[in-house]
1. For a test of the definition: using alpha carbon positions, the gyration tensor, and the 1.5 limit on a/c, classify the stretch 1-45 as rounded, prolate or oblate.
2. Can you tell me the orientation of helix 36-59 relative to the chain, as the angle in degrees between its alpha-carbon axis and the longest Cα principal axis, to the nearest 10?
3. May I have the extent of the alpha carbons of the stretch 44-106 along their three principal axes, as whole Å values ordered from largest to smallest?
4. Could you tell me the relative contact order of the chain? Use alpha-carbon pairs under 8 Å, at least six residues apart, and round to a whole percent.
5. How many times 2.2 N^0.38 Å is the alpha carbon radius of gyration of the chain?
6. Can you tell me the 0 to 90 degree angle between the C-alpha axis of helix 72-84 and the longest principal axis of the chain, rounded to 10?
7. Projecting each Cα onto the charge dipole of the chain (Lys/Arg +1, Asp/Glu -1 at the beta carbon, about the Cα centre), which of G77, H7, P61 comes out farthest on the positive side?
8. Size of the dipole of the stretch 6-120 about the Cα centre, Lys and Arg at +1 and Asp and Glu at -1 on the beta carbon, nothing else charged, in debye to 20?
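Only the coordinates and a few stated rules stand behind these numbers; no lab work does. Nothing here was measured: the structure is a model prediction, and the numbers come from that model. Don't worry about glycine lacking a Cβ; one is built from the backbone with ideal geometry, like all the others, and counts go over all protein chains shown.
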Amino acid sequence: MTNKDPHVLLDQMRQSAFWAVSFVEGYDREDFFADEKTKQAVAMSLFLVGKLASRIVAEHPEFRETLSELHLESMRGMRNRIAHGYFLLRFDVIWDTVSIDLPVLIERLNTILDNDKKTHGQS
């Protein structure tokens, strides 16, 4: 598989989401807001998730409908806010994303990628 393969992109998205979640493991909201390095690391991981969503939409438009449950457009929007308004980031939104939305995204990506492996006979 090449890095243009949509499944590779989805796996990279899962990895980026996993990193973000792992960065805040054991943190509560106050811990997150007090730790600038972690805030920046999570923002960068969310940037990567959004960039990968952009690539999937641009390079594999046939997946847009199939993957509608992933809300790729929202991911792209967050990537754009991080890329173009860095000092205006709302870390309350980033906290909610990493603590609520990303664990759900990881599970959905696990299901999609596991099903694809079963369908295509990969191990």
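1. Taking the square roots of the gyration eigenvalues as a ≥ b ≥ c, the stretch 1-45 is prolate.
2. Once rounded, the angle reads 30 degrees.
3. Sorted from largest, the Cα extents of the stretch 44-106 read 34, 24, 14 Å.
4. 33 percent
5. Normalised Rg, Cα atoms only: 1.08.
6. Once rounded, one gets 40 degrees.
7. P61
8. Here the stretch 6-120 has a charge dipole of around 400 debye.
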